[in-house]
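The values are calculated or read from the model by the stated rules, or taken from the named source; none is laboratory data. Since we're looking at a predicted model, the values are computed, not measured. Note that we place each Cβ from the backbone using ideal geometry, even for glycine, and neighbour counts take in every protein chain shown. Side chains are part of the model used for accessible areas, which takes the heavy atoms of the whole protein and leaves out ligands, DNA and RNA. Shrake-Rupley method; radii C 1.70, N 1.55, O 1.52, S 1.80 Å.
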There are 2 protein chains.
Amino acid sequence: MEFQLSCPIPKSEYDKILLAHGGGGTLTHQLITKIFLDQFGNEYLNQLHDGAVFEINGTKFAFTTDSYVVNPVFFSGGNIGELAVNGTINDLVCCGAKPLFISTGFIIEEGFEIEDLWKIVLSMKDAADKANVLIVTGDTKVVEKGKGDKIFINTSGIGIVYEGLNISPKNVKVGDVIILNGKIAEHGIAIMSEREGLEFETKIQSDTAALNGLVEEILKVSKNISVMRDPTRGGLASALNEIASSAKVKIEIYEERIPISDEVMGACEILGLDPLYIANEGKILIFASEQDAAKILSVMRNHPLGKESTIIGKVIDKGEGLVTMKTLIGSTRIVDMISGEQLPRIC
Amino acid sequence: MEFQLSCPIPKSEYDKILLAHGGGGTLTHQLITKIFLDQFGNEYLNQLHDGAVFEINGTKFAFTTDSYVVNPVFFSGGNIGELAVNGTINDLVCCGAKPLFISTGFIIEEGFEIEDLWKIVLSMKDAADKANVLIVTGDTKVVEKGKGDKIFINTSGIGIVYEGLNISPKNVKVGDVIILNGKIAEHGIAIMSEREGLEFETKIQSDTAALNGLVEEILKVSKNISVMRDPTRGGLASALNEIASSAKVKIEIYEERIPISDEVMGACEILGLDPLYIANEGKILIFASEQDAAKILSVMRNHPLGKESTIIGKVIDKGEGLVTMKTLIGSTRIVDMISGEQLPRIC
């Protein structure tokens with residue numbers, strides 16, 4: 001075929017892919033909208049959700065994909081394998097689906113220890129079992145030494161959307177409360193601590209976990225949920241900005257309500273990082289009707305992955321997509337979308 | 001978690017991943033059975049098909065994944081993007097399914113030209129349109145320069161299995177004929193020619209193509225098909241060996257019947273390669289009842305991707321999985337599974 005269409009990102013702006021194009025911030029957003037959506041765009045993809053939702057013969061399915069390139073491959077609290085299984089499960093969960101089946105695509109660098117591959121496979125199996133999903137198909141490629149970095153894993157997943165549940169940013173209403181299930185920034189800081197060789201009194205561990213069990217409990221008491229989102233790459237700030245922007249609403253969060261450990265706070269200060277922008281891998285934001293908040297919080301706090309669940313903010317107005325935060329000292333600051341690359345290869 | 005299980009591939013045998021572990025031959029097979037199947041094994045994965053087939057609320061689905069790491073990214077007759085779209089479509093087709101939805105996971109090396117990404121995306125869109133599938137969800141990761149190789153693409157796909165069709169190696173019967181839709185080894189030789197800088201009078205082009213249209217025509221005239229397989233990595237020989245081994249049958253093929261161009265034959269001689277082991281990306285092997293062979297061949301030959309369709313062999317007996325070939329000079333040779341790594345990163 002002839003390529004007659006000129007590239008929508010002009011060379012004068014960016015001619016090469018930067019790390020920030022994979023950072024989950026504004027450059028990622030530009031790449032997705034100007035290159036991928038421009039060509040691939042369709043009713044499913046355009047939702048820009050954590051996955052696609054479609055109906056076949058009366059059943060609503062969710063379908064999602066994620067590639068994992070985290071470095072290091074083994075880190076405090078997990079490894080790339082369980083991260084890949086849990087991450088795709090959580091994307092299906094955020095589509096309002098019960099995860100059923102997962103695929104795995106391995107790209108392995110020549111020379112990678114088979115023993116390490118085995119450890120990764122064991123933990124993937126363990127993660128899949130815990131979440132009650134099956135790994136049903138896969139693929140393995142090997143690239144020459146120096147042409148990859150140990151191991152990259154793609155997981156794609158299929159789930160069935162819960163009946164009566166309609167998850168979409170466009171359902172977000174003024175008055176919705178925003179519930180978070182626990183402490184933020186742990187995954188990202190665990191990875192950064194490994195890389196920087198930081199030592200803390202208590203070892204900071206990744207929060208990687210599959211959230212389908214927690215969400216199943218929530219759905220038993222309420223289906224008045226507008227949207228759910230796992231604040232991974234780009235952290236809480238990016239997830240909230242994405243929702244505010246697609247839902248065209250103003251969101252306010254309260255700094256004093258955001259759970260964070262002293263160790264993570266300390267590490268963020270040492271590393272010069274803002275915890276609002278740090279990746280989580282076992283957290284979920286739930287936008288729900290205020291009248292159901294109490295019962296949702298109650299079941300969440302009874303679940304091992306939701307003990308510290310709390311309302312961290314509210315949808316306060318319609319508008320052009322804005323996130324603000326009432327700080328500890330009483331001022332209000334704008335919480336922007338991340339622009340550069342804060343933490344490459346965090347997931 | 002504690003890793004108490006010891007690795008099923010002992011260090012004394014292989015301690016590190018070799019290129020051959022990704023070559024589609026015996027080492028790939030060992031890795032899949034001893035590591036992946038050992039842990040992930042379940043009724044779907046154990047079929048070791050091109051994808052998983054499962055039933056949900058009365059509808060039978062196929063689900064498949066493949067990562068593409070082909071080098072070079074652009075080659076005569078195609079590029080990594082259309083290869084990734086066509087390849088996953090063909091895997092669904094070989095599960096007996098009509099492909100519907102595709103996901104794309106990009107792993108891009110820092111510094112990759114955005115213009116090249118754009119060309120890849122355009123050709124993916126074109127391939128998806130031609131095959132009437134939608135790209136519905138995606139993911140983009142960027143790795144540091146030197147930690148990847150330009151671009152790797154994972155595509156996963158979902159399709160609906162045609163009613164009345166039951167594709168499985170275990171359905172293969174003695175007497176089944178084996179139909180191939182055209183010339184072999186073109187994709188692999190196109191790639192190798194690029195790498196080696198070989199020039200031929202007629203440029204050898206990859207045969208990358210989506211085969212769902214061709215198979216749809218076949219299914220209009222016959223559903224007496226035991227198994228279908230696209231002979232990609234490892235070529236015709238590996239695909240036939242895999243089927244012979246899972247179906248526990250003996251297969252005989254006839255060298256004089258196997259379509260191959262003079263240019264490809266010549267290139268194979270120069271490069272010291274056996275065309276039976278070279279990857280195809282637009283070919284399909286169809287195991288069908290002999291009584292339906294004539295009408296299947298007839299519709300195939302009327303399709304642009306099947307003009308040179310022919311019966312290349314037959315299932316001659318039950319047994320422990322053996323492929324033999326009647327050669328041009330009248331002798332019979334065993335066609336083994338590939339053992340080492342013939343062509344790394346061919347797809």
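At q = 0.18, 0.31 Å⁻¹, what log₁₀ I(q)/I(0) does a Debye calculation on the Cα points of the range A:285-327 give, no solvent, two decimals?
Result of the Debye calculation: -0.63, -1.15.
What accessible area per residue, rounded to a whole number of Å², is obtained for the range A:177-247 using a probe radius of 1.4 Å?
Spelled out: the 1.4 Å probe surface of the range A:177-247, per residue, equals 32 Å².
Highest first, please rank the peptides B:147-155, B:312-320 by the mean number of other Cβ atoms sitting within 10 Å of their residues.
B:147-155, B:312-320
Go through A:SER222, A:THR64, A:VAL143 and say which Cα lies farthest out towards the positive end of the charge dipole of chain A; charges sit on Cβ, +1 for Lys and Arg, -1 for Asp and Glu.
Looking along the dipole axis, the top candidate is A:SER222.
Sort shortest first the distances from A:PHE74 to its counterpart in every other copy, using label points 7 Å along the Cα-to-beta-carbon line, and give them in nm.
4.2
Using only the alpha carbons of the range B:62-154, what is the convex hull's orientation-averaged projected area in square nanometres?
5.8
Using packing as a proxy for protection, rank B:325-332, A:238-245, B:33-40 so that the peptide with the highest average count of other Cβ atoms within 10 Å comes first.
A:238-245, B:33-40, B:325-332
With a 1.4 Å probe and every protein chain kept in, tell me what percent of the accessible surface of the range B:193-281 is carbon plus sulfur.
The nonpolar share, carbon plus sulfur, comes to 40 percent.
Calculate the dipole size of the protein assembly as shown relative to its Cα centre from +1 charges on Lys and Arg beta carbons and -1 charges on Asp and Glu beta carbons; express the result in debye to the nearest 20.
That gives a dipole near 1560 debye.
Give me the orientation-averaged projected area of the Cα convex hull of the range B:172-326, in nm², one decimal.
Over all viewing directions, the range B:172-326 projects a mean Cα-hull area of 8.6 nm².
Please compute the modelled spin-label separation between A:ILE316 and B:VAL174, points set 7 Å along Cα→Cβ, answer in nm with one decimal.
Output for this residue pair reads 8.1 nm.
Using the heavy atoms of the protein chains and a 1.4 angstrom probe, tell me the accessible area per residue for the range B:1-95 in square angstrom.
Spelled out: the 1.4 Å probe surface of the range B:1-95, per residue, equals 36 Å².
Would you calculate, for chain A, the mean residue ellipticity at 222 nm contributed by helices, counting each DSSP H stretch of 4 or more residues as -39,500 (n - 2.57) and dividing by all residues, to the nearest 500?
After summing the helix terms and dividing by the residues of chain A, the value is -8000 deg cm²/dmol.
Give the distance, in whole Å, between the Cα centre of the range A:72-151 and the Cα centre of the range B:291-329.
First find each Cα centre; the distance between them is then 39 Å.
Just counting partner chain Cβ atoms within 10 Å, what average do the residues of peptide B:29-37 show around their Cβ?
Average neighbour count from other chains, rounded to a whole number: 3.
Relative contact order for the range A:6-69 using alpha-carbon pairs under 8 Å, separation at least 6, rounded to a whole percent?
It rounds to 18 percent for the range A:6-69.
Please work out the ratio of the alpha-carbon Rg of the protein assembly as shown to 2.2 N^0.38 Å and round it to two decimals.
Here the answer is 0.97, to two decimals.
Can you give the mean number of other chain Cβ atoms that lie within 10 Å of the Cβ atoms in peptide A:66-74?
Shielding by partners across A:66-74 averages 4.
Do you know the relative contact order of the range B:1-125, to the nearest whole percent, from alpha carbon pairs under 8 angstrom that are 6+ apart?
17
What residue among B:ALA293, B:MET325, B:ALA239 has its Cα farthest toward the positive end of the dipole of the range B:169-334, where the charges are +1 on Lys, Arg and -1 on Asp, Glu, each on the Cβ?
B:ALA293
How far apart, in nm, are the 7 Å Cα→Cβ label points at A:GLU201 and B:GLN291?
Taking the two extended label points, one gets 8.2 nm.
Sort A:252-259, A:59-66, A:81-88 by packing, meaning the average of other beta carbons within 10 Å per residue, with the highest value first.
So the peptides A:252-259, A:59-66, A:81-88, ranked by packing, come out A:81-88, A:59-66, A:252-259.
At a Förster radius of 45 Å, what calculated FRET efficiency corresponds to the Cβ-Cβ distance of B:LYS145 and B:SER298, to the nearest 0.05?
So, using R0 = 45 Å, E works out to roughly 0.25.
Restricting the count to DSSP beta bridges whose residues both fall in chain B, what percent are antiparallel, rounded to a multiple of 5?
Within chain B, antiparallel bridges account for around 75 percent of the total.
Quick one: grab the alpha carbon gyration tensor of the range B:89-133, order the square roots of its eigenvalues as a ≥ b ≥ c, and give me rounded if a/c is under 1.5, else prolate or oblate depending on whether a/b is larger than b/c.
prolate
Rounded to the nearest 5, what is the percent of antiparallel bridges among the DSSP beta bridges in the protein assembly as shown?
Expressed as a percentage, antiparallel bridges in the protein assembly as shown total about 75.
Can you compute log10 of I(q)/I(0) for chain B with the Debye formula, treating each Cα as one identical point scatterer, at q = 0.15 Å⁻¹?
-1.42
Label-to-label distances across copies for B:ALA294, with labels 7 Å out along Cα→Cβ, in nm, shortest first?
8.0
Which whole-number percent gives the relative contact order of chain A, counting Cα pairs below 8 Å spaced six or more residues apart?
23
Give me D for the range B:252-347 in µm² s⁻¹, whole number, from Stokes-Einstein with Rh from the Kirkwood sum over alpha-carbon pairs, 10 °C and 1.306 mPa s.
The diffusion coefficient I find is 103 µm²/s.
Over the range A:18-148, what percent of the accessible surface lies on carbon and sulfur atoms, probe 1.4 Å?
It is 46 percent, rounded to a whole number.
Rounded, prolate or oblate: which fits the range A:1-136 when a ≥ b ≥ c are the square roots of the eigenvalues of the alpha-carbon gyration tensor, with rounded for a/c under 1.5 and prolate only if a/b beats b/c?
Verdict is oblate for the range A:1-136.
Just checking the output field for B:93-104: average partner chain Cβ neighbours within 10 Å of each residue's Cβ?
3
Using a label point 7 Å beyond Cα on the Cα-Cβ vector, give me the inter-copy distances for A:GLY41 in nanometres, one decimal, shortest first.
For A:GLY41, the inter-copy label distances come out at 5.0 nm.
Give the interface area between chains A and B as buried accessible surface, both sides summed, probe 1.4 Å, in Å² to the nearest 100.
8200
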